[in-house]
Amino acid sequence: MKQQRSARPRGRGLAMFALGLLGGRLLSLFDADGGSDAPAYHSRRIVHNVNEAIIAADETSCIVLANPAAAAMFGVTARQMQGRSLADFIQAPGLDDAAPTEYFHADGRAGRRATDYAGTGLRANGETFAIEGSIVDSLQDGRTVYTIVLRDVSERQRVQRKLARSHDQLRQLSSALQTIREEERTHIARELHDDLGQLLASLRMDLTLLREVCGAAPSSARLIDGMDGNLLTAITSLRRIATNLRPRALDEGGLFFALQGLREDFVQRHGIACELLAEEAELRLDDQASTAIFRIVQEALTNIARHAQAKLVTLTLYRVNGELLITIRDDGRGIREEDMEKAESLGLVGMRERVWGLKGEITISADEPPGTRIDIVVPLRGHTV
């Protein structure tokens with residue numbers, strides 16, 4: 001027994017229901033060889049003049065009525081369509097006795113309305129094109145007539161495919177720019193640490209020697225101590241800047257130790273308690289994944305420090321079934337829907353782009369009790385070491 005979709009009208013249903021009744025009325029008129037009354041004549045004029053393609057078919061999928069808009073869509077005349085099978089104009093499902101409802105994909109709805117189903121149209125010249133159909137049935141004199149309203153959506157799908165390609169290209173560009181930026185950060189951080197850092201350390205050693213030579217005089221000792229303090233401040237600032245650009249722990253120790261350093265720096269600078277729940281063995285990832293995850297957590301902590309008014313942050317990272325699950329929670333004021341839609345929320349956009357670059361998923365929501373929760377799932381295939 002074939003399973004048919006329910007065709008009861010809803011949403012846009014009153015109009016479709018009216019068309020169903022109209023199709024049944026016109027079917028009875030067609031069978032009556034042209035007998036007509038005023039309402040029937042008016043109904044015929046409506047169907048004839050509407051811009052939407054309308055087809056009426058019986059239980060055997062034989063077309064009993066087609067308006068000029070439908071005929072133009074398939075490249076024939078309305079008279080040529082009458083009496084022929086729907087299979088001549090809509091790609092059949094492969095069944096000899098398919099009902100009209102089975103000419104449209106049953107695996108989901110299409111288009112913008114709940115009554116739309118996807119199908120494939122067949123023009124007279126053999127060309128196929130994408131269509132959407134809204135279909136209702138009605139009972140007339142013990143017979144079922146199906147009224148189908150069709151729309152040619154091939155142009156819309158072409159535009160959607162073009163937009164999808166543009167979106168993919170923008171994603172690729174964003175990923176390439178992030179890669180370039182990380183490479184530049186790594187280069188600058190190494191230059192600062194290896195060149196400028198060594199120079200400052202050398203100057204401090206020279207200053208120590210100078211103290212031994214001429215540090216007896218009180219005025220010289222104060223001057224040397226001041227210079228030593230300035231050098232020590234410069235070295236500390238240099239290390240902080242270099243670490244923000246590219247933490248050495250990320251290259252030397254891996255993601256786990258880099259996150260530990262990030263947590264300690266966050267607590268020290270902002271005075272907000274932060275817990276890191278993770279295992280080193282579960283965070284042994286390649287450079288691409290390690291860098292992306294580190295930057296995601298870094299951006300999340302930056303947003304928390306700026307906006308959340310939180311007292312506690314919890315970072316949880318663990319593996320399950322070949323995926324890395326990341327949860328970042330705070331007990332702050334909680335993120336609002338309008339906060340996520342702000343054009344200037346570039347931090348959230350950057351986090352999403354990094355997650356999508358790893359083919360992962362991210363969810364940002366207000367938590368209960370008040371606070372914000374970020375859940376991230378990253379597939380680890382090809383990223384483990």
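The values are calculated or read from the model by the stated rules, or taken from the named source; none is laboratory data. All figures in this text were calculated on a predicted structure; none of them were measured in a lab. Quick reminder, even Gly has a Cβ in these numbers, built from the backbone with ideal geometry, and neighbours come from all protein chains shown. Just so you know, the surface numbers come from the protein's heavy atoms only, side chains and all, with ligands and any DNA or RNA stripped out. Shrake-Rupley method; radii C 1.70, N 1.55, O 1.52, S 1.80 Å.
Can you tell me which residues in region 214-242 are polar (S, T, N, Q) and in contact with a helix residue (DSSP H, G or I) (Cβ under 7 Å, 6 or more places away or on another chain)? Show your work before the answer.
Pass one, region 214-242, residues polar (S, T, N, Q): 219-220, 230, 233, 236-237.
Residue satisfying the conditions is SER220 alone.
What do you reckon, is LEU262 assigned to a helix (DSSP H, G or I), free of Cβ contacts under 8 Å to residues at least 40 places away in the same chain and crowded, with 16+ Cβ neighbours inside 10 Å? I'd like the intermediate steps shown before the answer.
Working: assigned to a helix (DSSP H, G or I): yes; free of Cβ contacts under 8 Å to residues at least 40 places away in the same chain: yes; crowded, with 16+ Cβ neighbours inside 10 Å: yes.
Yes: the conditions hold for LEU262.
Taking the criterion of being surrounded by fewer than 16 Cβ atoms within 10 Å (Cβ to Cβ), more than 24 Å from THR314 (Cα to Cα) and of a type in the set (Asp, Glu), would at least one residue in region 226-240 satisfy it?
no
Out of curiosity, is ASP88 modelled with pLDDT under 70 and either open to solvent by 70 Å² or more (accessible area, probe 1.4 Å) or out of contact with any Phe, Trp or Tyr (no Cβ under 8 Å at 6 or more places or on another chain) (or both)?
Here the answer is no, as ASP88 does not meet what is asked.
Does region 49-101 hold any residues that are more than 15 Å from THR120 (Cβ to Cβ), aliphatic (A, V, I, L, M) and part of a helix (DSSP H, G or I), and which are they?
The answer is ALA69, ALA70, ALA71, ALA72, ALA78, MET81.
Just to verify a result, which residue in region 282-334, among those that are in a loop (DSSP other than H, G, I, E, B) and among the basic types (Lys, Arg), is most open to solvent (accessible area, probe 1.4 Å)?
Among residues in region 282-334 that are in a loop (DSSP other than H, G, I, E, B) and among the basic types (Lys, Arg), the one most open to solvent (accessible area, probe 1.4 Å) is LYS311.
Restricting attention to region 137-167, report how many residues are open to solvent by 80 Å² or more (accessible area, probe 1.4 Å) and out of contact with any Asp or Glu (no Cβ under 8 Å at 6 or more places or on another chain).
Residues flagged as open to solvent by 80 Å² or more (accessible area, probe 1.4 Å) and out of contact with any Asp or Glu (no Cβ under 8 Å at 6 or more places or on another chain) within region 137-167 amount to 10.
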